[in-house]
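The values are calculated or read from the model by the stated rules, or taken from the named source; none is laboratory data. Not measured: the values here are computed from a predicted model. Here the Cβ positions follow ideal geometry from the backbone for every residue, glycine too, while neighbour counts run over all protein chains shown. Keep in mind that these areas ignore ligands, DNA and RNA; they rest on the heavy atoms of the full protein, side chains included. Shrake-Rupley method; radii C 1.70, N 1.55, O 1.52, S 1.80 Å.
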Amino acid sequence: MNRQFIVVTGAAGFIGSDLVGFLNGKGYTDLILVDEFGDPAKEPNLEGKKFAEKVEREIFFDWLQAGKRAISFVFHIGARTDTTEFDYAIHERLNVVYSKKIWAWCTEHAVPLVYASSAATYGSGDLGYDDRHDLPFELKPLNAYGLSKNEFDKWALQQNTAPPFWAGMKFFNVYGPNEYHKGRMASVIFHSFHQIRRDGEVKLFRSHRPDFADGQQLRDFVYVKDVVKVCYWLMEHRPASGIYNLGTGIARTFEDLVKATYGGLDLPPNIRYIDMPEDIRDKYQYFTEANMGKLRTAGYKDAFYSLEEGVDDYVRHYLAKGTFL
């Protein structure tokens, strides 16, 4: 039998490297990892992982054209994810144009595709958080990153030709191991943990809206272990193609999150509120909560980590030890 290879883009990054590890755990080692591999801060994310080949992002399409490997599935997780990068052209090149090329290749070669979209597409949330297919055409994302992700979702939904199965996963607030390299873009849990260790307190953004008390801003925080499990389930089960939300379906406050981080360290909480930087104030989501009905109806039955369970696992077994998944 010919060997079949699975492609993971963004493989050196946070979610991508965790997906590689999960696939290894399921016995998949014929993996093609695609990324910019020059960043030493990302190297530990792939330590001990098994794969067939690394391919630099910029030469990936040339590599595909050479046709040396039979590809059975593509996980397109790689993206420019910096929500504070306001230059849309950068996001467009990596999140729209590059994604269209992957879609075109998968369509031409009849290879199924799961790609990363984002809850940033929903903007302020005024139109809700439903993953139905008419909504992306009405959404008004608040930043260049969300806009680029929504542009690709809209484009995908309008295509007459498509991969044999495809799913665009709208990741909500993902946290967990292997985000050490992300700097400002790492999760609030990551930053909270380091603030506790360094200062004995956590600084949270004050609310700048009268309808939200300080610390009561809400997000759908989803543990990366659940995210990669759902990605794998989609490869195995291939339900109806389309856009799928991927959160827990339960919004929790930043205060809850920080308390859970302290809990993972067996410490009492100590929170101080600070003003939000002005450059993000008008682009800040105060509430996100995934409607998870579509994925559940498609047949995904597993329970998600609660915020307390996920944060406790992350803090005790990874952050406190400086270990990777």
Heavy atoms of S187 accessible to a 1.4 Å probe, total area in Å² rounded to 10: 20
DSSP beta bridge pairing in the chain, given as percent antiparallel to the nearest 5: 5
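State whether the stretch 1-80 is rounded, prolate or oblate according to the following rule on the C-alpha gyration tensor (a ≥ b ≥ c being the square roots of its eigenvalues): a/c under 1.5 gives rounded; otherwise a/b larger than b/c gives prolate, and the remaining case gives oblate.
oblate
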Among 252-259, 22-29, the order from most to least packed when residues are scored by Cβ within 10 Å on average: 252-259, 22-29
Gap separating the Cα centres of the stretch 147-189 and the stretch 1-43, nearest whole Å: 17
The chain: equivalent-ellipsoid semi-axes (sqrt of 5 x gyration tensor eigenvalues, Cα, Å): 32, 23, 18
Mean separation of Cα contacts under 8 Å, 6 or more apart, over the residue count of the chain: relative contact order %: 18
R0 of 45 Å, Cβ-Cβ distance E309-L127: FRET efficiency to nearest 0.05: 0.90
Sorted peptide list for 61-73, 191-203, criterion being average Cβ within 10 angstrom, highest first: 191-203, 61-73
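Sort 119-125, 44-50, 96-102 for me by packing, meaning the mean count of neighbouring Cβ atoms within 10 Å per residue, highest on top.
119-125, 96-102, 44-50
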Probe 1.4 Å, protein heavy atoms only - accessible area per residue of the stretch 213-256 in square angstrom: 29
Spin-label model distance (nm) - H194 vs E85, 7 Å beyond Cα toward Cβ: 1.9
For I243, distant residues with modelled amide H under 5 Å away: G168
Solvent-accessible area per residue, Å², over the stretch 97-154 with all protein chains present [probe radius 1.4 Å]: 36
Apportionment of accessible area to carbon and sulfur, the chain, percent (1.4 Å): 49
Degrees, to the nearest 10: 254-264 long Cα axis against longest axis of the chain: 90
Solvent accessible area, Å² - F86, 1.4 Å probe, full protein context: 100
Calculated FRET efficiency for the pair K203/T29, C-beta based, R₀ 45 Å, to 0.05: 0.60
Å² per residue, accessible surface of the stretch 23-89 at 1.4 Å: 52
